[in-house]
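The values are calculated or read from the model by the stated rules, or taken from the named source; none is laboratory data. What you see is a predicted model; the values in this text were computed from it and never measured. Glycine gets a Cβ as well: all are built from the backbone with ideal geometry, and neighbour counts include every protein chain shown. Calculation scope for accessible area: heavy atoms of the full protein, side chains included, ligands and nucleic acids excluded. Shrake-Rupley method; radii C 1.70, N 1.55, O 1.52, S 1.80 Å.
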Amino acid sequence: MTPTRRRFIKIAAVQSAALAAASQASVFGTAHSKALHPWRGIVLGAEASIQLNCDSETRAKRVLKTCVSEIQRLEKIFSLYDERSSLSQLNKEKRLERAPAELLELLRFAQEFGARSQGIFDVTIQPVIQAYREHFARHDSGLPANLSQALKSVDYRKIRIAADTIEIPAAVSITLNGVAQGYITDKIAALLRKEGFGHTLIDLGEKRALDSHPSGRNWQLGLANGFGIHDVAELNNQALSSSGGYGTTFDKSGQHHHLIDPRSGLSVNHHASVHVLASDATLADALSTALATCSREEAKQLEAKFPAATVFRS
């Protein structure tokens with residue numbers, strides 16, 4: 001999309017505002033005699049932040065502390081970097097009894113979305129990702145020698161869930177990196193709603209706005225593609241997710257990255273980035289991942305199944 005001059009000015013303004021916010025210890029006061037209290041951290045390896053609209057610094061600190069505790073609890077379920085996490089244990093043992101309710105819920109969603117996307121979205125892609133990581137740890141180019149073998153284990157339908165027990169075949173491994181950040185974002189949004197908060201922005205790798213900005217305008221968020229900000233999305237009680245191969249690359253060229261078509265095992269480079277605006281961050285996260293890993297014709301068909309979502313590409 002080529003921005004108009006007015007659009008370009010808005011994009012530049014968003015960039016300037018982002019730089020200004022990053023340099024401040026606290027963010028804007030509001031006409032409601034409240035302030036946006038910021039928290040910044042790391043969630044599942046990605047930079048994260050919350051701008052909490054609250055009239056009390058003491059209460060804001062208490063609630064943000066509660067949010068951080070909940071984020072950490074959920075990371076212990078979904079993280080692939082923590083060998084003690086529930087997901088890591090499932091991948092290692094291939095069976096997990098008394099699985100956390102959140103893991104059961106998200107895996108059921110992943111299977112349903114896998115079916116709706118006709119396998120374009122597949123959380124059992126982890127063996128292929130691991131094959132790429134191991135290959136490029138030793139080589140500068142080419143494809144993994146075991147790519148075809150790794151592809152044989154990719155099939156979301158191989159995940160078996162019965163009551164609170166999850167089982168996967170010996171060769172299967174799961175990654176929820178294409179949807180877990182959105183899910184955690186929604187859980188924190190629900191926590192804050194329950195506490196009565198609104199006019200707040202959550203960014204835990206994926207973004208969700210609880211109502212408008214405290215000033216009354218929409219939240220304006222720049223859309224990046226690895227080269228810079230190419231457009232602006234406006235959020236009001238919506239979620240925004242972004243996917244691009246630039247996020248995790250395996251080789252120096254950037255042509256081999258984590259956005260892999262689970263049917264071919266190859267990284268897809270149709271777009272520099274795909275961004276999805278939807279009602280919740282879990283859906284936005286899964287949909288942006290799927291749209292970034294399929295052909296343009298397949299993307300049109302998949303988008304048609306979610307008419308309420310808005311898609312930006314670059």
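Overall, the chain carries a charge dipole of about 320 debye about its Cα centre when +1 sits on the Cβ of Lys and Arg and -1 on the Cβ of Asp and Glu, all other atoms neutral.
Only Cα pairs under 8 Å and 6+ residues apart enter the sum, and on that basis the relative contact order of the chain stands at 17 percent. For the chain, the longest principal axis of the Cα atoms and the long axis of helix 281-291 meet at an angle of about 50 degrees.
Counting heavy atoms of the protein chains alone, ASP203 has an accessible area of about 30 Å² for a 1.4 Å probe.
Highest mean packing comes first when the peptides 148-159, 287-298, 209-220 are listed by Cβ atoms within 10 Å, giving 287-298, 209-220, 148-159.
Projecting the Cα atoms of GLN89, TYR246, ILE120 onto the charge dipole of the chain (Cβ charges, centred on the Cα centre) puts TYR246 farthest toward the positive pole. The 3J(HN,Hα) values that the Karplus relation (6.51, -1.76, 1.60; θ = phi - 60°) gives for region 126-142 are, in residue order, 3, x, 6, 4, 5, 4, 5, 4, 5, 4, 7, 6, 10, 10, 9, 8, x Hz. Gly and Pro appear as x. If I fit a long axis through the Cα atoms of helix 5-22 and take the longest principal axis of the Cα atoms of the chain, what angle between them do I get, 0 to 90°, rounded to 10? That works out to roughly 90 degrees. Annotation: amide H of LEU223 within the under-5 Å range of HIS230, ASP231, VAL232, ALA233, sequence separation 5 or more or interchain, hydrogens built in the peptide plane. Relative contact order of region 109-177, taken over Cα pairs closer than 8 Å and 6 or more residues apart, is 39 percent. Over 30 Å apart at the Cα level, from the set LYS92/LYS187; LYS65/LYS94; LYS207/LYS305; LYS61/LYS92, are LYS65/LYS94; LYS61/LYS92.
A simple rule links phi to the HN-Hα coupling: the Karplus curve 6.51 cos²θ - 1.76 cosθ + 1.60 with θ = phi - 60°, which for region 96-109 gives 9, 8, 6, 5, x, 4, 5, 5, 4, 5, 6, 5, 5, 4 Hz, with x for Gly and Pro.
Equivalent-ellipsoid semi-axes for the chain (Cα gyration tensor, √(5λ), whole Å, largest first): 33, 24, 17. Amide H contacts under 5 Å for GLY254: none, restricted to partners 5 or more places along the chain or on a different chain, H placed in the peptide plane at 1.01 Å from N.
With unit charges on the beta carbons (Lys and Arg positive, Asp and Glu negative) and the dipole taken about the Cα centre of the chain, which residue among VAL154, LEU221, ASN269 sits farthest to the positive side? Positive-most Cα among the choices belongs to LEU221. In the context of the full set of protein chains, residues of the chain present 48 Å² of accessible surface per residue (probe radius 1.4 Å, heavy atoms only). Taking the Cα centre of region 40-127 as reference, the dipole from Cβ charges on Lys and Arg (+1) and Asp and Glu (-1) amounts to some 220 debye. Between region 114-165 and region 193-271, the alpha-carbon centres lie 23 Å apart.
Couplings for region 214-225, taken from phi via the Karplus curve 6.51 cos²θ - 1.76 cosθ + 1.60 with θ = phi - 60°, read x, 6, x, 7, 6, 5, 10, 10, x, 9, 9, 9 Hz in order; Gly and Pro are left as x. Given a cut-off of 19 Å, what percent of all Cα-Cα pairs of region 152-269 lie beyond it? Of all Cα-Cα pairs in region 152-269, 62 percent lie more than 19 Å apart. Calculated on C-alpha atoms, the gyration radius of region 85-168 divided by its Kirkwood radius gives an Rg/Rh of 1.03.
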